1. Scan segment 142-191 for residues that are closer than 17 Å to residue 84 by Cα, surrounded by fewer than 18 Cβ atoms within 10 Å (Cβ to Cβ) and in contact with a helix residue (DSSP H, G or I) (Cβ under 8 Å, 6 or more places away or on another chain) and jot them down.
2. Sort out which residues of segment 98-117 are part of a loop (DSSP other than H, G, I, E, B) and either in contact with a strand residue (DSSP E or B) (Cβ under 8 Å, 6 or more places away or on another chain) or modelled with pLDDT of 90 or more (or both), and write them in order of number.
3. Quick test for you: out of 341, 314, 320, pick the one residue that is over 19 Å from the mean Cα position of the chain (by Cα), closer than 16 Å to residue 144 by Cα and not assigned by TED's automatic domain parsing to the domain that holds residue 82.
4. Which one is farthest from residue 133 (Cα to Cα) among residues in segment 60-86 that are touching a residue at least 60 places away in the same chain (Cβ under 8 Å) and in a loop (DSSP other than H, G, I, E, B)?
5. Looking only at segment 288-301, count how many residues are closer than 18 Å to residue 316 by Cβ, assigned to a loop (DSSP other than H, G, I, E, B) and within 25 Å of the chain's Cα centre (by Cα).
6. Between 95, 51, 136, which is under 30 Å from residue 274 (Cβ atoms), part of a helix (DSSP H, G or I) and either assigned by TED's automatic domain parsing to the domain that holds residue 322 or touching a helix residue (DSSP H, G or I) at 6+ places or on another chain (Cβ under 9 Å) (or both)?
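The values are calculated or read from the model by the stated rules, or taken from the named source; none is laboratory data. These numbers come from a predicted model, not from an experiment. Using ideal geometry, Cβ is built from the backbone for each residue, glycine included, and neighbour counts are taken over all protein chains shown.
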């Protein structure tokens, strides 16, 4: 991409060469002063964190994958949300829809983006393969991010490009040829510096008239998370640094007494559902993305439904509660799966007490 990110990349590379040694010395000098607020990250921690891929493909790991391998992975891990051919808009905007032409590939600009009547897709808008590779590697699949190997990401990307008629079905995408394939991206020249945000002296895209000094602000909390969802992603207070100006809300339940702890199960259903990723799409009561757990328990109460629910959770599916697909959860621990299914099939009265 001839735009913002390449220019930034070259600038940062130069700065890094000049400052690299100095930064290392500074880190070593300050490590003794960290005290109770932290420590120097280990090489393994840095390696696990430093997985970004730049537009010039710096950071891209070695590997390869072909279109047919990508199709198999796609159908297993991606099709539930994106459709078998990447054209579903049931949950997300479509990745492909056939709105790309050979002329677009030749010019690097997608003409259909000028037509407001044409549905936008990922391959119409994105300028760099590095963006797709990086995002898939770090964030997909939705229910199990960072579980794909580099070879699987190369294969998936090859399949997506083939769906968009950008490459043939015999492509083997790899770190060795990805720069060559980048030259066929339909909107590779679509990002420019011709806008106000690129220069501090440029014209802004919008103008605001809000107060920015000595402002009187009327703050009113108009909404908040319901109690059952507060701790869905762990205790917020423990996820914010102690010295931050904005302490996180304490969302964990109050510690139980010895008697309460002995009487309680090791892990509550709510915790199991949160830890397993179920609360990303379901809540205790009422429709979210999928049905509420209260509706599921009402429909499938009874041990005779346990086997069905187990296979539904593991394999995913659609059509029972509407067209919205449920992604498969094949990696769910068998003990956790059993405990969730037992809870879902346990008859409860109107007060929520289990019988």
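1. Within segment 142-191, 142, 169 meet the criteria.
2. Result: 100, 101, 108, 109, 110, 115.
3. Criteria check complete, one pass: 314.
4. Looking at the filtered set, the residue picked out is 85.
5. 4
6. 136
This table checks each residue for (1) under 20 Å from residue 38 (Cβ atoms); (2) part of a loop (DSSP other than H, G, I, E, B); (3) within 23 Å of the chain's Cα centre (by Cα); (4) modelled with pLDDT of 75 or more.
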residue	(1), (2), (3), (4)
207	no, yes, no, no
222	no, yes, no, yes
225	no, yes, yes, no
232	no, yes, yes, no
242	yes, yes, no, no
250	no, yes, no, yes
254	no, yes, no, no
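Let's see how each residue does on (1) over 22 Å from the mean Cα position of the chain (by Cα); (2) outside any helix (DSSP H, G or I):
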| position | (1), (2) |
| --- | --- |
| 141 | no, yes |
| 155 | no, no |
| 159 | no, no |
| 165 | yes, yes |
| 170 | yes, yes |
| 180 | yes, no |
| 187 | yes, yes |
